[in-house]
Amino acid sequence: MFTRKLRPVTAAVVLGVAAVSACSAPGQAEQPAEGFPREIRIGVPLDTSGPVGPVVEIGLSEREGIRVAAAEINESGLLGDSKIVLMETDTAANRNEAVKAVTQYVDKGVHGIVGFTLTPSFAAAAPVAQRTKIPVVAVGLSGGGVEETGDLVFRTYPNVATTVYPPADVAFAKDFGAKTAGLIYASDNDSSVAINKARKEALEKAGVKVVENVAIGSQDTELRAALTKLKGASPDVVVASTTPGQVPAFASQAAEVGLDSRMITVDGTQTPATLKAAGEELQCAVFQAVWSTISTKGNNEHFIKEFDKRSEREPDTFAAASYDGLWVLATAMKAANSTQPGKVREALLKIKDHQGALGTYDYTQGTGAPTLSGEAMIIDGGKAKAYESGQSCTA
Amino acid sequence: MQQLINGLALGSTYVLVGVGVTLIWGLLRILTFVHVQVLTWGTFVTLWLLRTGLPVPLAVLAGMLFGGVVYIAIDATVLRPLRSRNAGEFSYVIVTIGLALVLETVLRMLTDGSTEAFPRDGFPQGALRIGSLSLPWLHLATLAIGLLCVAALSLWLHRSSFGRSLRAVAYSRDDAELLGINSGAAYRVAFFISGMITVLAGVFIAASTASLSYSSASHLLLVAVAVIILGGMGSVAGACAGGLILGVVEVMAQVHLSSELRDAIALLFILVVLVLRPSGLMGRAEASRV
């Protein structure tokens, strides 16, 4: 286990040293007018260590997704004889480390940055990249305030509070004939608060009355009091903006207190660990997933096959978003036939039908955010399945 | 009424946590901040054994034994040397905080920091319905086991010769040894029983939330402190009362005020109780010569 934990650090150091020593002129990016340098250096700042275990797991998944994409791109000859060289940095869930990493990338002349596990690190470091004209593709951020950082900043993971959950909730509510909704969210988690607010507004706008809006803590696993309060309001649907880790407790305790409203949960409900922990209590729960193993959108099937072939980890949503991040940037560089930031940006904004693991990417709206909306799913018989509008389910 | 039941249900898990810790903190007056790590490690052992297909009672028993043995090992290697040097309370705090951090870090590395699904098969599921009220079977079982532990511990401490020896050691180790009591054995038994009950609490909490992680019990350290202070240091029955009251206060604060203020209100309540009754609800007032 120690070696497993030390491996990322060692690999990052080795790759970093190798990349630096390989640079012919450290300190300035090679920016030929046309074509590519021999090595296209990509900064990869990710949280692959740190005090919070789940964050580390996300960072490791993201790194693996980027590595798989780099290997595939280099083998494919997409960029001619040029090779992508990853400069991996462990930013350890620390914004100062993230700023330090980007500053070093500037000194070492990277041609792009693909990474960022946590929003605070991104918010501190991405402006540095923007100021120094380095294109950034953020991969693991699901909240707002990403593409707004600057015209060279793009994202792969959609903003779930605007493009994923609210429209799906309205569609689910319409399908179920719901007139009232009860909401539950983690009030000490900015993402949960933003998502809950957006879902509430969307439901109310669609004519669904929100009869109860209950706050819990993001670390709470004893939810009976909150669920009893929801039960008292007798909502037709319960919309849970909890963390995915709270879904099993939410489902099992809802059954215990007799809350039998239809459940709309969050992305992450489909993970094997969550399904196993929640058991039968999640039957008929629906949710919108940005990525899943059963999705046939984009080139997801190819991604899963490649990931299984090249990695010992299980593919997940973070690996998929990161894999897409490097592919999107490389595709733009190929289209621009250049690594010059302005040309890469222009090429990124012209990407319209790029097939990625999360679906079909379209950046032509000019915001730096792709038009991805995820996929509706339902839990049936202990498994996550694609949900079709009007589909019946026996609880 | 349902929220009162929810409070008692939450309190039932606090009872087990409080009973487990009261022997060490309350009776022997040893401040060990490693208690939650014993709980978490023992619960993980139970989880790993459940995954091998071991029946629930055997897996739980093995986890409890593991917790008891680990606590004895901690006492033998870390706490006994401090006792033999008559180290002050501050030394116990520092040493056990350090040990807790080590144990937590090792467990985080072993589990990759992930939250594991804790199987509920084999544990009581569903709820007893009485009209519109719902009483979760798991918490009824937790409360029953908690009350059983309280009764058994109280009987053992007050009616058995070994229990009386333990209380004598708690009162004065030197005096107890002069009377021929093996204080080392008393400490070992206390740590063993405390470790076992603590792991039992951890297992029921994990079954209730259907999940387990290296840090999922970290909030229980504060709960344990609150329960034994509220109930009265060293009082097993007080730990029971303290656990139930704390559960009800937390739930009522969450429902009627704010989830964010829940812990603050619970602690404020404890503060008020201590102002009115400094030795806790069921603790005995102590007099000292000055």
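Part of a strand (DSSP E or B), polar (S, T, N, Q) and touching a residue at least 12 places away in the same chain (Cβ under 8 Å): which single residue out of A:Gln246, A:Gln270, A:Gln288, A:Gln253 fits that description?
A:Gln288
Which residues, counting only those in the range A:220-232, are touching a residue at least 12 places away in the same chain (Cβ under 8 Å) and either surrounded by fewer than 20 Cβ atoms within 10 Å (Cβ to Cβ) or facing chain B (nearest Cβ under 10 Å) (or both)?
A:Asp220, A:Thr221, A:Glu222, A:Leu223, A:Arg224, A:Ala226, A:Leu227, A:Thr228, A:Lys229, A:Lys231, A:Gly232
Step by step: first the residues of the range B:120-153, then only those that are within 20 Å of A:Lys276 (Cα to Cα) and open to solvent by 40 Å² or more (accessible area, probe 1.4 Å), then the one that is farthest from the other protein chains (Cβ to nearest Cβ). Which residue is that?
Per the stated criteria, the residue is B:Gly122.
Read through the list (1) over 22 Å from A:Leu227 (Cβ atoms); (2) at pLDDT 80 or above; (3) not basic (Lys, Arg), then give the number of the only condition that B:Leu281 fails.
(2)
Run A:Gly217 past the list (1) under 21 Å from A:Phe318 (Cα atoms); (2) surrounded by 17 or more Cβ atoms within 10 Å (Cβ to Cβ) and report the number of the one that doesn't hold.
Evaluating A:Gly217 over (1) under 21 Å from A:Phe318 (Cα atoms); (2) surrounded by 17 or more Cβ atoms within 10 Å (Cβ to Cβ) leaves (1) as the failure.
Could you please let me know if B:Asp263 is open to solvent by 50 Å² or more (accessible area, probe 1.4 Å) and at the interface with chain A (Cβ under 10 Å from one of its Cβ atoms)? Please lay out each step first, then the result.
Values: open to solvent by 50 Å² or more (accessible area, probe 1.4 Å): yes; at the interface with chain A (Cβ under 10 Å from one of its Cβ atoms): yes.
When the stated conditions are applied, B:Asp263 passes them.
I'm trying to understand the selection: among the residues of the range A:352-377, which are surrounded by fewer than 22 Cβ atoms within 10 Å (Cβ to Cβ) and either among the acidic types (Asp, Glu) or over 26 Å from A:Ala69 (Cβ atoms) (or both)?
Selection gives A:Asp353, A:Asp362, A:Ala376.
Any idea how many residues of the range A:233-267 are open to solvent by 10 Å² or more (accessible area, probe 1.4 Å) and facing another protein chain (nearest Cβ under 8 Å)?
Of the residues in the range A:233-267, 4 are open to solvent by 10 Å² or more (accessible area, probe 1.4 Å) and facing another protein chain (nearest Cβ under 8 Å).
Select, from B:Leu49, B:Leu23, the only residue that is surrounded by fewer than 21 Cβ atoms within 10 Å (Cβ to Cβ), away from chain A (no Cβ under 14 Å) and not in a loop (DSSP other than H, G, I, E, B).
Result: B:Leu49 is the single residue among B:Leu49, B:Leu23 that is surrounded by fewer than 21 Cβ atoms within 10 Å (Cβ to Cβ), away from chain A (no Cβ under 14 Å) and not in a loop (DSSP other than H, G, I, E, B).
Would you be able to say whether some residue in the range B:10-28 is without any contact (Cβ under 8 Å) to a residue 40 or more places away in the chain and in contact with a Leu (Cβ under 8 Å, 6 or more places away or on another chain)?
The answer is no; no qualifying residue exists.
What number goes with the only condition from (1) open to solvent by 10 Å² or more (accessible area, probe 1.4 Å); (2) at pLDDT 85 or above that B:Gly7 does not pass?
(1)
I'd like to verify a number: residues in the range A:172-189 that are touching a helix residue (DSSP H, G or I) at 6+ places or on another chain (Cβ under 8 Å), within 14 Å of chain B (Cβ to nearest Cβ) and not hydroxyl-bearing (Ser, Thr, Tyr), how many?
Qualifying residue count for the region: 3.
Looking at the range B:100-108, can you tell me whether even one residue there is assigned to a loop (DSSP other than H, G, I, E, B) and of a type in the set (Asp, Glu)?
no
Looking at the range B:84-111, which of the residues that are charged (D, E, K, R) and surrounded by 16 or more Cβ atoms within 10 Å (Cβ to Cβ) is farthest from A:Gly59 (Cα to Cα)?
Let us first name the residues in the range B:84-111 that are charged (D, E, K, R), namely B:85, B:89, B:104, B:108.
From what is left, the residues that are surrounded by 16 or more Cβ atoms within 10 Å (Cβ to Cβ) are B:104, B:108.
On the way: B:Glu104: 21, B:Arg108: 15 Å.
Selected residue: B:Glu104.
Restricting the range A:323-343 to residues that are more than 16 Å from A:Asn74 (Cβ to Cβ), in contact with a helix residue (DSSP H, G or I) (Cβ under 6 Å, 6 or more places away or on another chain) and touching a residue at least 12 places away in the same chain (Cβ under 8 Å), which is surrounded by the most Cβ atoms within 10 Å (Cβ to Cβ)?
Ranking the candidates gives A:Ala332 first.
Going through the range B:102-117 one residue at a time, which ones are within 11 Å of chain A (Cβ to nearest Cβ) and under 30 Å from B:Gly238 (Cβ atoms)?
B:Glu104
Going by the structure shown, is A:Ala194 more than 8 Å from chain B (Cβ to nearest Cβ), open to solvent by 20 Å² or more (accessible area, probe 1.4 Å) and either farther than 14 Å from A:Lys179 by Cα or out of contact with any strand residue (DSSP E or B) (no Cβ under 6 Å at 6 or more places or on another chain) (or both)?
So A:Ala194 fits the description; yes.
I'm checking my understanding of the structure. Among residues of the range A:378-395 that are open to solvent by less than 50 Å² (accessible area, probe 1.4 Å) and touching a helix residue (DSSP H, G or I) at 6+ places or on another chain (Cβ under 9 Å), which one is nearest to A:Thr265 (Cα to Cα)?
Checking each candidate, the answer is A:Ile379.
Being at pLDDT 90 or above, away from every other protein chain (no Cβ under 14 Å), assigned to a loop (DSSP other than H, G, I, E, B) and open to solvent by 10 Å² or more (accessible area, probe 1.4 Å): is that true of A:Leu78 here?
yes
From the list B:Met282, B:Met252, which one is within 14 Å of chain A (Cβ to nearest Cβ) and open to solvent by 30 Å² or more (accessible area, probe 1.4 Å)?
B:Met252
With the condition being hydroxyl-bearing (Ser, Thr, Tyr), open to solvent by less than 40 Å² (accessible area, probe 1.4 Å) and within 14 Å of chain A (Cβ to nearest Cβ), I'd like the helices (runs of 4 or more DSSP H) fully within the range B:168-233 carrying at least 1 qualifying residues.
Fully inside the range B:168-233 and qualifying: B:183-209.
Can you go through A:Thr339, A:Thr331, A:Thr317, A:Thr364 and tell me which one is polar (S, T, N, Q) and under 22 Å from A:Glu148 (Cβ atoms)?
Result: A:Thr364 is the single residue among A:Thr339, A:Thr331, A:Thr317, A:Thr364 that is polar (S, T, N, Q) and under 22 Å from A:Glu148 (Cβ atoms).
Here's a check for you: in the range A:39-75, which residue that is open to solvent by 40 Å² or more (accessible area, probe 1.4 Å) and at pLDDT 90 or above is farthest from the chain's Cα centre (by Cα)?
A:Glu75
The values are calculated or read from the model by the stated rules, or taken from the named source; none is laboratory data. Quick caveat: nothing in here was measured; it's all calculated off a predicted structure. Don't worry about glycine lacking a Cβ; one is built from the backbone with ideal geometry, like all the others, and counts go over all protein chains shown. Heads up: the accessible areas ignore ligands, DNA and RNA and are worked out on the full protein's heavy atoms, side chains in. Shrake-Rupley method; radii C 1.70, N 1.55, O 1.52, S 1.80 Å.
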